[in-house]
1. Tell me yes or no: at least one residue of segment 74-94 is more than 17 Å from residue 35 (Cβ to Cβ) and in a loop (DSSP other than H, G, I, E, B).
2. Which condition number in (1) at pLDDT 85 or above; (2) surrounded by fewer than 18 Cβ atoms within 10 Å (Cβ to Cβ); (3) within 26 Å of residue 238 (Cβ to Cβ) is the one that residue 128 fails?
3. Pick from segment 56-85 the residues that are in contact (Cβ under 8 Å) with a residue 24 or more places away in the chain and more than 30 Å from the chain's Cα centre (by Cα): which of them is surrounded by the fewest Cβ atoms within 10 Å (Cβ to Cβ)?
4. Quick check: anything in segment 112-126 within 21 Å of residue 143 (Cβ to Cβ), over 19 Å from the mean Cα position of the chain (by Cα) and in contact (Cβ under 8 Å) with a residue 12 or more places away in the chain?
5. For segment 214-233, name all the residues that are outside any helix (DSSP H, G or I) and within 15 Å of residue 301 (Cα to Cα).
6. Being modelled with pLDDT under 85 and over 19 Å from the mean Cα position of the chain (by Cα) narrows it down to one residue among 199, 192; which is it?
7. Find the residue count for segment 305-319, including only residues that are over 16 Å from residue 247 (Cα atoms), modelled with pLDDT of 90 or more and surrounded by 14 or more Cβ atoms within 10 Å (Cβ to Cβ).
8. Would you say residue 302 is touching a residue at least 40 places away in the same chain (Cβ under 8 Å) and either in contact with a strand residue (DSSP E or B) (Cβ under 8 Å, 6 or more places away or on another chain) or crowded, with 17+ Cβ neighbours inside 10 Å (or both)?
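The values are calculated or read from the model by the stated rules, or taken from the named source; none is laboratory data. Keep in mind that what you see is a predicted model, and the values were worked out from it rather than measured. So basically every Cβ, Gly included, is an ideal-geometry build from the backbone, and we count neighbours across all protein chains shown.
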């Protein structure tokens with residue numbers, strides 16, 4: 001789930017780029033009017049409404065009316081979510097806006113199938129819809145991470161009433177059988193403590209996965225170029241989004257200090273079926289797949305570990321796949337050699353046997 005991400009802050013949940021707006025919100029106090037995602041939705045609504053003006057009269061109260069209501073629903077839900085009391089409620093509105101966007105895309109498909117719009121108009125509208133969908137998805141993911149952290153804090157407290165009840169029962173039994181009673185106290189306290197600690201560790205693990213997933217949408221290249229294998233990293237919030245650092249992160253809950261981190265491994269895929277075969281040689285640190293298949297630079301295995309005193313580490317692994325690729329255009333015939341070319345690329349890997357003329361010619365041994 002990788003794209004050049006919207007960059008959100010805790011105060012305004014805004015994204016990085018958008019069409020110009022004709023008014024600012026400072027005069028009226030409606031902060032959502034300054035959100036780039038809201039401005040993009042407005043611009044998309046105007047464009048699609050313009051495309052559908054060419055539909056025949058019999059479609060005005062069917063396809064066109066349906067598309068108008070769905071377009072209105074996108075911006076209305078974004079606006080409604082701006083002043084919700086919780087991030088979870090705001091996320092509900094953003095997800096509704098995403099659903100309405102899907103409905104608009106379906107209307108565009110119907111208009112294309114019926115010959116009301118051209119294939120080029122359809123492609124242009126879908127490109128803008130795709131950009132808006134990614135912004136909505138990124139916003140929703142950011143809100144989910146914040147909500148996950150809040151739920152960890154709310155559920156981490158021990159069940160004090162239950163512990164007190166169990167303690168009273170244990171004391172009553174201990175009055176007659178001291179040895180057995182002492183053992184019951186020890187087992188009960190240890191079991192409840194371990195259960196509460198594990199619940200906290202599970203929440204920290206899930207939050208780390210969500211943070212890594214959100215961060216990879218900002219820059220897959222940075223993520224992919226990290227050292228693979230056993231080098232550990234940790235996520236931390238930075239400017240309303242996520243960033244990484246080497247090492248581990250310490251999190252204290254109920255006087256217990258947990259440390260969490262993640263590692264990254266390269267992945268081998270079957271060249272025929274594209275099925276994942278496992279990590280590459282060297283524990284995922286290399287790009288060689290001597291066991292079969294080839295390394296897939298668009299997929300990485302992320303392993304998260306949470307550790308705390310007196311317990312075995314909690315570990316889990318997931319595969320993350322880049323779903324947005326960038327194509328580079330080269331602007332000259334000069335040779336790049338064996339070095340890796342960056343975007344935008346300006347050279348080819350080799351200029352041998354390539355002779356430019358009135359038409360492109362590829363010749364063996366020269367032309």
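1. Yes; the residues of segment 74-94 include at least one that is more than 17 Å from residue 35 (Cβ to Cβ) and in a loop (DSSP other than H, G, I, E, B).
2. So the condition that residue 128 fails would be (3).
3. Taking the candidates together, the pick is 56.
4. no
5. 225, 226, 227, 228, 229, 230, 231, 232, 233
6. It is 192.
7. 3
8. Answer is yes for this residue.
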